[in-house]
Amino acid sequence: MSIRNFIRILEEKGELYKSSQFVDPVFEIAEITDRFSKQPGGGKALLFENTGTDFPVLTNAMGSYSRICAALGVAQLDEAATQIEKLFKNFTSPTTGKIRLLSELGRIASWMPKTVKGRGTCQEIVHKSPDLGILPILKCWTNDGGRFITLPMVHTKDPHTGIRNVGMYRMQAIDAKTTGMHWHRHKTGARHYREYKALGKRMPVAVALGGDPAYIYASTAPLPDNIDEYILAGFLRKKKVRMVRCITQDIEVPEDVDIVIEGYVDTAEDLFMEGPFGDHTGFYSPADLYPLFHVTCITHRRDAIYPATIVGIPPQEDAWIQKASERIFLAPIKLAILPEVKDMNIPAQGTAHNLTLVQIEKTYPGQGMKTIHSLWGAGQMMLNKILIVTDLPLTDYRELALQTLARIDFHSDLIFSKGPLDVLDHSSPNFAFGSKLGIDATKKMPEESEFPNSPNIPNAEIPIAVISVHEPTAEQIYALGSQLFADEELASVKVFILLDDTVDISDFDIVCWLVCANIDPERDVRLAKAPRQQIVIDACMKYPKNYDFPREWPNVVTSSETTIRSIDEKWESLGLGNFIPSPSLKFLKMKKGDGAVVL
């Protein structure tokens with residue numbers, strides 16, 4: 001399916017707005033997209049036809065449940081997980097005959113990517129004197145370090161095995177022929193870079209944009225290292241991906257993508273200070289050193305469309321892409337790692353790595369704890385910060401919170417550990433390493449705890465209190481916690497959440513986002529002395545001057561008041577339906593200063 005076919009599907013579903021008026025890729029496209037992506041259910045996809053370049057820009061394309069399903073060619077996301085389970089059972093069942101096995105192998109072979117001769121439709125137009133300025137590259141947020149390619153499929157190869165990897169790493173446009181290459185140290189692209197560097201070789205790279213939405217999804221999927229993402233794309237489409245060789249680099253890309261940026265990374269070259277960037281955490285990721293990507297050629301279809309996404313304060317489009325991975329990769333977790341797992345939920349407010357909920361079928365004591373430790377050692381789950389394991393359904397957050405707080409013992413059911421964190425985590429004193437919190441919220445068996453399991457208490461209030469504080473110091477937070485624990489009138493409150501007084505504490509989605517983003521569990525979760533069942537969670541900003549915090553603390557991501565006013569004034573002429581106010585209006589007061597970091 002081409003991106004044009006996908007756009008037609010979205011139009012037929014009433015899921016797309018087109019605008020023929022000029023909208024600036026610098027700030028304006030992001031501000032409009034932010035307004036739609038935060039609408040209930042994800043709003044509409046947007047096609048900006050007049051961008052000041054020859055390329056329309058498509059945003060928020062997969063930013064709803066129905067659109068991510070359409071992108072992957074399924075009616076429900078669980079269909080893919082069901083198909084994986086069926087495949088596994090066919091191969092492992094003793095009743096499966098040889099003919100059936102051969103048939104299954106034949107089906108799998110039909111999904112494998114295939115390199116074809118000649119040029120693809122992605123090479124209809126060739127720019128051998130490339131200029132990134134022909135592309136409508138977005139600058140999304142006020143303090144971004146520049147324009148960023150935000151939906152690139154970055155193709156690299158292992159220099160020893162030739163095995164391909166396709167990852168999604170943002171790319172800051174530096175000049176007409178150079179970008180940054182922001183691959184995190186945990187990612188396969190970074191491993192390939194280290195191996196080319198050890199060999200003293202240049203690293204060929206090809207960046208694809210657009211094409212079948214299944215390609216875009218596959219490039220974000222948490223596949224094991226050395227598994228080709230186009231096998232997953234072929235499985236989702238039940239059709240092999242046809243690859244063509246690039247014009248100037250020895251690397252292949254899908255023949256039907258929209259745009260290809262070819263080039264290399266010189267591993268002998270000094271790193272470049274890339275960023276800052278308004279990131280999916282809702283905060284700016286700071287400027288840091290990353291490799292440079294040198295463009296040698298740009299090719300594209302005659303009717304190419306430039307796909308882009310924006311990230312920032314959740315929810316955004318990336319939450320729906322993450323939802324696909326949550327549902328699709330549930331099957332491999334159950335089949336290969338933890339058969340007791342029944343369900344998994346990664347809330348948007350946890351911005352992918354900060355919060356995960358897991359339901360298990362519990363049959364023996366300690367199984368909840370075992371699940372926590374197992375998942376922290378499994379692939380990208382190693383980056384998780386808060387992991388809650390329960391035997392209750394994950395469908396009703398309110399009921400889950402109520403029953404969890406009724407049954408857990410804070411002194412025996414909480415696990416504090418340490419390990420790798422996402423490099424975008426700003427709360428830990430150390431870069432990409434810090435503390436984690438596991439919560440065993442399963443019903444306890446007699447061998448596990450003396451704390452009785454409370455009966456179900458529907459219609460009760462959740463025993464959580466959220467308290468606003470004004471620019472506290474670490475000492476003031478500690479003193480406040482002691483006062484709360486000592487107040488007998490508050491004995492029924494189990495969880496006290498402390499937040500800055502610039503936060504709208506009536507919006508529990510915002511509260512949850514900031515709790516997940518701003519805490520280092522070992523430092524910021526304090527337990528009352530046993531047998532009292534209370535905790536204080538310090539989710540305030542850890543401004544360096546107030547907390548003696550050793551790292552820079554980032555500002556929240558918002559549009560400027562100037563950009564907001566500009567879009568307000570031209571909204572009616574853009575043909576985008578009913579007016580939607582800017583989400584940034586709610587968050588501007590949370591900023592401290594005008595920069596990407598708090599001074």
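Coordinate-derived values only; no laboratory data. Not measured: the values here are computed from a predicted model. When we count neighbours, we look across all protein chains shown, and the Cβ atoms used for this are built from the backbone with ideal geometry, even at glycine.
Bin width 10 Å, origin at 0, all Cα-Cα pairs of region 77-307: what percent of pairs per bin?
8, 31, 34, 19, 7, 2, 0
About the Cα centre, and with charges only on the beta carbon of Lys, Arg (+1) and Asp, Glu (-1), how big is the dipole of region 205-266? Nearest 20 debye, please.
The dipole magnitude comes to about 420 debye.
Once amide H atoms are built 1.01 Å from N in the peptide plane, which residues 5 or more positions from Ile467, or in another chain, come under 5 Å H to H?
Close amide H contacts, sequence-distant or interchain: Ile497, Leu498, Leu499.
Could you work out the relative contact order of region 8-92, using alpha carbon pairs under 8 angstrom and six or more residues apart, expressed as a whole percent?
Working: 96 pairs, mean separation 20.5, N = 85.
Relative contact order of region 8-92: 24 percent.
If you take every DSSP beta bridge whose two residues both sit in the chain, what share of them, in percent to the nearest 5, is antiparallel? The partial results should precede the final answer.
Details: 59 of 88 bridges.
Bridges in the chain are about 65 percent antiparallel.
Modelling each spin label as a point 7 Å along the Cα-to-Cβ direction, I'd like the Asp54/Lys117 distance in nm, to one decimal.
Label-label distance for Asp54 and Lys117, simple model: 2.9 nm.
By count of other Cβ within 10 Å, fewest leading, how are Trp320, Trp376, Trp553 ordered? Mind dumping the intermediate values first?
Details: Trp320 25, Trp376 18, Trp553 21.
Ranked by crowding around the Cβ, least crowded first: Trp376, Trp553, Trp320.
Could you give the size of the charge dipole of the chain about its Cα centre, using +1 on the Cβ of each K and R and -1 on the Cβ of each D and E, expressed in debye and rounded to the nearest 20?
On the way: 65 positive and 75 negative charges, 466 e Å.
The calculation lands at about 2240 debye.
State the extension gain, in nm to one decimal, for the chain segment bounded by Tyr364 and Ser129, taking 0.36 nm per residue of separation less the distance between their alpha-carbons.
On the way: separation 235, 0.36 × 235 = 84.60 nm, distance 6.52 nm.
Roughly 78.1 nm would be gained on extension.
Taking 7 Å along the Cα-to-C-beta vector as the label spot, tell me the Lys240-Thr562 distance in nanometres, rounded to one decimal.
Each label point lies 7 Å from its Cα, and together they span 5.4 nm.
State, as an integer percentage, the relative contact order of region 145-195 based on alpha-carbon contacts under 8 Å between residues 6 or more apart. Working shown, then result.
Working: 77 pairs, mean separation 16.8, N = 51.
For region 145-195, the relative contact order is 33 percent.
What is the local net charge at Ser64, summed over the other residues whose Cβ is closer than 13 Å to its Cβ (Lys, Arg +1; Asp, Glu -1)?
Details: positive: Lys13, Lys38, Lys44, Arg67, Lys323; negative: Glu15, Glu317, Asp318.
My count for the surroundings of Ser64 gives +2.
For the pairs Lys44/Lys157; Lys334/Lys529; Lys18/Lys240; Lys443/Lys586; Lys323/Lys362, flag any whose C-alpha to C-alpha distance is greater than 29 Å.
Details: Lys44/Lys157 36 Å; Lys334/Lys529 38 Å; Lys18/Lys240 32 Å; Lys443/Lys586 39 Å; Lys323/Lys362 25 Å.
In this structure, Lys44/Lys157; Lys334/Lys529; Lys18/Lys240; Lys443/Lys586 exceed 29 Å between Cα atoms.
Amide H of Arg147: which non-local residues (sequence gap of 5 or more, or other chain) have their own amide H closer than 5 Å, using H built in the peptide plane?
Sorted by chain and number, the residues that satisfy this are Ala173.
Stretch Ala486-Asp501 to full length: gain in nm at 0.36 nm per residue minus the Cα-Cα span?
On the way: separation 15, 0.36 × 15 = 5.40 nm, distance 2.31 nm.
Working it through step by step, the gained length comes to 3.1 nm.
Measure nothing but the geometry: give the 0 to 90° angle between the long axis through the Cα atoms of 508-518 and the longest principal axis through the Cα atoms of the chain, rounded to 10°.
80 degrees
Once the Cα atoms of helix 28-37 and of the chain are each reduced to a long axis, what angle between those two axes, in degrees from 0 to 90 to the nearest 10, is obtained?
It works out to around 50 degrees.
With all pairs of different alpha carbon atoms counted, what Kirkwood hydrodynamic radius in Å does region 176-247 show?
Values: mean 1/r = 0.0704 Å⁻¹.
One over the average 1/r among Cα pairs gives 14.2 Å for region 176-247.
Neighbouring Cβ atoms within 10 Å as the yardstick, rank Phe22, Phe508 fewest first. Write out the running numbers ahead of the final one.
Values: Phe22 13, Phe508 18.
In order of increasing Cβ crowding within 10 Å: Phe22, Phe508.
Please report the base-10 log of the normalised intensity I(q)/I(0) for region 317-547, using a Debye sum with one equal scatterer per alpha carbon and no solvent, at each q in 0.08, 0.13 (1/Å).
So the normalised log intensities work out to -0.29, -0.79.
Within region 167-196, whose backbone N sits under 16 Å from a point 7 Å along Cα→Cβ of Ala432?
So the set is 168-170, 181-196.
Would you mind checking the radius of gyration and Dmax of the chain based on alpha-carbon positions, in Å?
Cα-based Rg and Dmax for the chain come out at 24.7, 78 Å.
Helix 3-12: angle to the longest alpha-carbon principal axis of the chain, degrees 0 to 90, nearest 10?
Approximately 60 degrees, to the nearest 10.
Compute the length gained on full extension between Gln476 and Ser66: take 0.36 nm times their separation in residues and subtract their Cα-Cα distance, giving the result in nm to one decimal. Don't jump to the answer; show the numbers that get you there.
Numbers: separation 410, 0.36 × 410 = 147.60 nm, distance 4.71 nm.
Length gained, Gln476 through Ser66: 142.9 nm.
Against the 2.2 N^0.38 Å scaling, with N counting residues, where does region 300-400 land? I'd like the Cα-based Rg ratio to two decimal places.
Details: Rg = 16.2 Å, N = 101, 2.2 N^0.38 = 12.7 Å.
This ratio for region 300-400 stands at 1.28.
Rounded to the nearest Å, what's the spacing between the alpha carbon centres of region 1-25 and region 580-599? Just the number, please.
Each part's Cα centre sits 30 Å from the other's.
Return the whole-Å distance between the Cα centroid of region 287-340 and the Cα centroid of region 372-409.
Cα centroid of region 287-340 versus Cα centroid of region 372-409: 24 Å apart.
Order by neighbour count: Thr351, Thr296, fewest other Cβ atoms within 10 Å first, most last. Kindly include the intermediate steps, with their values, before the conclusion.
Working: Thr351 28, Thr296 18.
Least to most surrounded, the residues fall as Thr296, Thr351.
Restricting things to Cα coordinates, could you compute the convex hull volume per residue of region 452-599 in Å³?
Values: hull volume 23.2 nm³, N = 148.
Taking the convex hull of the Cα positions in region 452-599, it is 157 Å³ per residue.
For the chain, calculate the relative contact order in percent as a whole number, restricting contacts to Cα pairs under 8 Å that are 6 or more residues apart. Write down the numbers at each step before the final one.
On the way: 1272 pairs, mean separation 84.4, N = 599.
For the chain, the relative contact order is 14 percent.
When Lys and Arg each count +1 and Asp and Glu each count -1, what net charge do the other residues less than 11 Å away from Asp303, Cβ to Cβ, add up to?
Details: positive: Arg4, Arg301, Arg302; negative: Asp54, Glu124, Asp258.
With Lys, Arg at +1 and Asp, Glu at -1, the net is 0.
³J(HN,Hα) across region 482-495 via Karplus (A = 6.51, B = -1.76, C = 1.60, θ = phi - 60°), whole Hz, x for Gly/Pro?
5, 5, 5, 5, 8, 7, 5, 5, 9, 5, 7, 7, 8, 10
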